[in-house]
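Student: Below are the structure tokens for one structure; questions will follow.
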Amino acid sequence: IAILPRVLVGVVAGWVYRLLAGGGRRQTLACVAASVIGSFTNTLLVMGGIWIFYGEAYAAANNVPLSALSGLILTAVATNGVAEALVAAVLFCRLFQREGAFFCQLSSTKAFLFFLNYGIVESFLNIG
């Protein structure tokens, strides 16, 4: 649960970027969408993994019945996940405005590799 979702952040964000950037005309939209969807990828996979693999223990640790676990997890996704996605979009927009020329010069393959590396590095920085 700790590593795979974070690695997939880069993979998913890279594919979203590649799909939306097209010939380079929609770079900003592609970068913002990639950051938001990448953020949701991590949140959904981590919380889904907790639900699937550790549901009973997670419910007990939070003093909720197992039948209410789905509501607890969906609330966490709705609050934390949306906030994380918004922060990711804002921060990436600021980065893109500052370093926009750098991203505009990237081919879709290089940008894909950039997002993939971002996800791999994030997975190692956030373990623990």
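The values are calculated or read from the model by the stated rules, or taken from the named source; none is laboratory data. Note that the structure is predicted; figures quoted are calculated from it, not measured. FYI the Cβ positions are ideal-geometry reconstructions off the backbone, even for glycines, and counts take in every protein chain you see. In case anyone asks, the SASA skips ligands and DNA or RNA and just uses the protein heavy atoms, side chains included. Shrake-Rupley method; radii C 1.70, N 1.55, O 1.52, S 1.80 Å.
Student: Search the range 23-41 for residues being touching a residue at least 12 places away in the same chain (Cβ under 8 Å) and either of a type in the set (A, V, I, L, M) or farther than 18 Å from LEU91 by Cα (or both), and hand back the single one that is surrounded by the fewest Cβ atoms within 10 Å (Cβ to Cβ).
Tutor: Quick first cut of the range 23-41, residues touching a residue at least 12 places away in the same chain (Cβ under 8 Å) only: 24, 27-28, 30-41.
Okay, now just the ones that are also either of a type in the set (A, V, I, L, M) or farther than 18 Å from LEU91 by Cα (or both), so 24, 30, 32-34, 36-37.
Working: GLY24: 14, ALA30: 23, VAL32: 18, ALA33: 19, ALA34: 30, VAL36: 20, ILE37: 18.
Applying the filter and picking the extreme gives GLY24.
Student: Of the residues ILE50, ILE37, ILE3, only one is of a type in the set (A, V, I, L, M, F, W, C), closer than 15 Å to ASN80 by Cβ and out of contact with any strand residue (DSSP E or B) (no Cβ under 8 Å at 6 or more places or on another chain); which? Please lay out each step first, then the result.
Tutor: Numbers: ILE37 fails: closer than 15 Å to ASN80 by Cβ; ILE3 fails: closer than 15 Å to ASN80 by Cβ.
The unique qualifying residue is ILE50.
Student: Test THR79 against the criterion of being at pLDDT 85 or above, part of a helix (DSSP H, G or I), among the polar types (S, T, N, Q) and in contact with a helix residue (DSSP H, G or I) (Cβ under 7 Å, 6 or more places away or on another chain), and give yes or no. Lay out the reasoning, then the answer.
Tutor: Numbers: at pLDDT 85 or above: yes; part of a helix (DSSP H, G or I): yes; among the polar types (S, T, N, Q): yes; in contact with a helix residue (DSSP H, G or I) (Cβ under 7 Å, 6 or more places away or on another chain): no.
Answer is no for this residue.
Student: Further, regarding this structure: The conditions are (1) open to solvent by 60 Å² or more (accessible area, probe 1.4 Å); (2) within 18 Å of the chain's Cα centre (by Cα), and GLY49 fails exactly one of them. Which is it?
Tutor: Only one criterion in (1) open to solvent by 60 Å² or more (accessible area, probe 1.4 Å); (2) within 18 Å of the chain's Cα centre (by Cα) is unmet by GLY49, namely (1).
Student: Only one of these is out of contact with any Leu (no Cβ under 8 Å at 6 or more places or on another chain), hydrophobic (A, V, I, L, M, F, W, C), crowded, with 17+ Cβ neighbours inside 10 Å and at pLDDT 90 or above: LEU44, LEU69. Name it. Don't jump to the end; show me each part of the working.
Tutor: Details: LEU44 fails: crowded, with 17+ Cβ neighbours inside 10 Å.
Just one listed residue meets the conditions, LEU69.
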